[in-house]
1. Return a yes/no flag: does the range 335-356 have any residue that is outside any loop (DSSP other than H, G, I, E, B), open to solvent by 30 Å² or more (accessible area, probe 1.4 Å) and aromatic (Phe, Trp, Tyr).
2. Could you tell me whether residue 270 is under 24 Å from residue 285 (Cβ atoms) and either open to solvent by less than 40 Å² (accessible area, probe 1.4 Å) or within 16 Å of the ligand (Cβ to nearest atom) (or both)?
3. Here are some residues: 140, 112. Which one is open to solvent by less than 30 Å² (accessible area, probe 1.4 Å) and polar (S, T, N, Q)?
4. Looking at residue 246, is it outside the structural domain of residue 138 (by TED's automatic domain parsing) and within 22 Å of residue 330 (Cβ to Cβ)?
5. Go through 213, 207, 190 for me and flag whichever is open to solvent by 20 Å² or more (accessible area, probe 1.4 Å), closer than 19 Å to residue 43 by Cα, touching a Phe, Trp or Tyr at 6+ places or on another chain (Cβ under 6 Å) and not acidic (Asp, Glu).
6. Restricting the search to the range 135-150, which residues are within 16 Å of the ligand (Cβ to nearest atom) and within 23 Å of residue 207 (Cβ to Cβ)?
7. Quickly run through the range 79-138 and pick out the residues that are of a type in the set (Phe, Trp, Tyr) and touching a residue at least 12 places away in the same chain (Cβ under 8 Å).
8. Just one of the numbered conditions (1) out of contact with any Pro (no Cβ under 8 Å at 6 or more places or on another chain); (2) within 16 Å of residue 305 (Cβ to Cβ) is not true of residue 159; which one?
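The values are calculated or read from the model by the stated rules, or taken from the named source; none is laboratory data. Values in this document were obtained by computation on a predicted structure and should not be read as measured data. A quick note on method: Cβ atoms are made from the backbone with ideal geometry, for glycine too, and the neighbour counts reach across all protein chains shown. Side chains included, ligands, DNA and RNA excluded: accessible areas come from the protein's heavy atoms. Shrake-Rupley method; radii C 1.70, N 1.55, O 1.52, S 1.80 Å.
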Amino acid sequence: MMKGLKKWRLFSLLAVMMVFLSGCGEDYLSTLKPSGEVGKQQLNLLLLTTVIMTLVVVIVSVIYLLAFLKYRRARVGENVIPKQVEGSHTLEVIWTVIPIILLLIIAVPVVTTTYKFADVAAMDEVDEEGNKTALTINVTAKLYWWEFEYPNQGIVTAQELVVPTGEKVYFNLKAADVKHSFWIPAVGGKMDTNVENLNKFYLVFDKESKDLKDGVFYGKCAELCGPSHALMDFKVKTLSPDAFDAWVDAMKATEGQTADKASTDLGEATFANSCLGCHAISGSGAGGTPGPNLTTFGDRNRVAGFLEHNEESLKAWIKNPEEFKPGNLMMNADGTAPIYGNLSDEEIEALATYIMGLSVEK
Ligand code: CUA
């Protein structure tokens, strides 16, 4: 009976692991299917160290088993004293030199690659006119969303990072409140975003994301930061260099875009009264608004980073954000109502239509 139960337990564990690991092969999310120079080299390091460690475990296990089976008392007799090898020079040399060699094989590529990926000197390079040549993005992690500011282009967006393929993209990473961590599993990373200092690194994006499952790579917060840490997702849209330039121009063209409190469109008027205080709808300018910039909301892939991208989700979210993302900053201090108050169903309906219409790609 017990034996049967144990077998069953093992089987369920394996079944759960199968479901869990089945996510590993997806190219929009998988560290094992990297789409860029950084991720590829990180995977190579992972494979190298895994092979060496496996080799060590196998060899040690084999020696252990051999000794265990060959030299049992039942086999060699009661009064046998094995050959004494204490202080053997040969053995001491062997078990000192082999680990040193193995550690060197691991350490040399790991250390050189780590320094290479931390080389951000190109961030300061300028052309003849004094313009920075490298694409730099300032990432700010906040409870529980992401802001992406492009200082050299003078634009800002949130929740969906847009980058060109085929060039090094440099990141300045920081957090506005508590420590988070910026991670795009299929492209490389991760690196912490801290409140007290700036972390810098670069990534390379090889593949246009439009052919992926949702047309985007998935990004994650990889540092436990609060009750909605697991929901602190972002997406990454990778475009050809030409398409990226067009997107930047479209973002710049939204300069000065705002909502009118006196608008005859109920959605726009409600937005102006209830949302505009925290959410900008112009992608031109700098970041730093209390809430995510919504200029490209209609082009995004998710509502609040993880809900399905449709008006139904958006309406439910506006009605009660706390239900979906506990601890988010859209609620008042005691967590009883959104800071914009309880809007009527009619207002929420109009607001959802208005926000879904915000787009630079359509
Ligand atoms: Cu932010 Cu976890």
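1. yes
2. Values: under 24 Å from residue 285 (Cβ atoms): yes; either open to solvent by less than 40 Å² (accessible area, probe 1.4 Å) or within 16 Å of the ligand (Cβ to nearest atom) (or both): yes.
Yes, satisfied.
3. Details: 112 fails: open to solvent by less than 30 Å² (accessible area, probe 1.4 Å).
Just a single option satisfies the conditions, and that option is 140.
4. On the way: outside the structural domain of residue 138 (by TED's automatic domain parsing): yes; within 22 Å of residue 330 (Cβ to Cβ): no.
So residue 246 does not fit the description; no.
5. Working: 213 fails: closer than 19 Å to residue 43 by Cα; 207 fails: touching a Phe, Trp or Tyr at 6+ places or on another chain (Cβ under 6 Å).
The unique qualifying residue is 190.
6. Looking only at the range 135-150, we keep the residues that are within 16 Å of the ligand (Cβ to nearest atom), and these are 139-148.
Matches in the range 135-150: 139, 146, 148.
7. Residues of the range 79-138 that are of a type in the set (Phe, Trp, Tyr), as a first pass: 95, 115, 117.
Passing the criteria: only 117.
8. Of the numbered conditions (1) out of contact with any Pro (no Cβ under 8 Å at 6 or more places or on another chain); (2) within 16 Å of residue 305 (Cβ to Cβ), the odd one out for residue 159 is (1).
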